[in-house]
Amino acid sequence: MKKQSVIIYSVFAVAIYLFSIILFCSSLYSEYQDGKLKTEESFNFITNKMMQNTSYDNFETEASKLLNKFVHSSDRIAEVTLKMNDSYIFFYPETSIQDSRYINNFSYTISYENRTITLQAKGYLIRPSKIFEYGKSSFLIILVVTVITLILIVIVSNQGQAKTAEDSDEETEENNNDEADSEDNQDVNNEEKSKDEYDVSFNETLTELLRNSIANEKEFAIFVMKFLGIEKTSEEYRKLIELLEDRMKAQNLVFEGKDDTLILLKNDTNIDENLTIAENTINEIEQTYADFKPVCYVGISNRNQRIVTGERLLFEAEAALEHAEETEEKVIAFRANTEQYNEFMNQN
């Protein structure tokens, strides 16, 4: 690609990134403004409904049924409590929602005879489902541009390497005395080119699998593994990789990682299933290669319903592997707290 074309595309890519961020922020702002009115309307609706359709003689039962139906049909309501005097008649959910600037608080009290009825509610100014929806749209836009950018980087890199190879050939023809050195340098260049092509292959596979996992709301995991005692250049090591692909159902999804590790990508299994699979596979490897007395460590990270990058999942799996080596545990999984993650998304 020409330099001018690269500049034009760079400006275009940055503009798309900014557009997706602005789209996400503006959508949340619009939802926030709309939420002020909608939460109040929802509370007024249920208050009027409860007062009009419940009798004082059977108030507790009728009000509870009405509120239970309401909280399961409205995504605006975060919490509802109904008290008669000092006793709770209805409480949803089981755990109270923490107040924040994204929560609207409402209260309504009525007294009759010797009883005081108090209805309190908290409404979402920004609904959690909308955060996910807007975030998903912006993420997909950014992902598409990122994938296109990676493809162009590979194309530009290959063009640059081809030009370097041509210059090396010309230099060899002009200087026969340096022919041996030129051949050695060419071998090094070819080796580096092969390694670069392999790493691009891994990143593309990781990005594609993770994108499909998020789009289809399915699970996805990264295993980072280290096997000590079996030489990487040996036939046994090649057969070990084949065993991993077969037992863990990850055909062509095992890659070489840094520091003599193997990286395995796996779809559609949760963290507990992956722990069991990894432990069973390690036990089989230790029995199969008992003569080599292999030492096996595995670190695992699952997407666990989060919208995360491949780099983040890989970082978590590598950290889990490091912890496994330090504690001499065979398998350790990074277990993300989905509730804390969702709470963080709600507060930000």
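The values are calculated or read from the model by the stated rules, or taken from the named source; none is laboratory data. Keep in mind the model is a prediction, meaning the values are calculated, not measured. Here the Cβ is made from the backbone with ideal geometry for all residues, glycine too, and neighbour counts use every protein chain on show. Note: accessible area is taken over every heavy atom of the protein model, side chains too, but ligands, DNA and RNA are not part of it. Shrake-Rupley method; radii C 1.70, N 1.55, O 1.52, S 1.80 Å.
The figures follow:
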{"item": "By accessible area with a 1.4 Å probe, ligands and nucleic acids excluded, highest first: order of R101, R306, R335, R247", "result": "R101, R335, R247, R306"}
{"item": "Cα pair distances exceeding 19 angstrom across region 17-107, given as percent", "result": "49"}
{"item": "Links that overshoot a 26 Å alpha carbon limit, given the list K136/K266; K218/K249; K232/K266; K239/K266; K83/K130; K136/K218", "result": "K83/K130"}
{"item": "For region 197-348, with +1 on Lys and Arg beta carbons and -1 on Asp and Glu, the positive-most of A324, I285, T269 along the dipole", "result": "T269"}
{"item": "Rounded accessible area of S26 (nearest 10 Å², 1.4 Å probe)", "result": "60"}
{"item": "At most 11 other Cβ within 10 Å, DSSP loop - trypsin sites (Lys or Arg not before Pro), region 1-84", "result": "K2"}
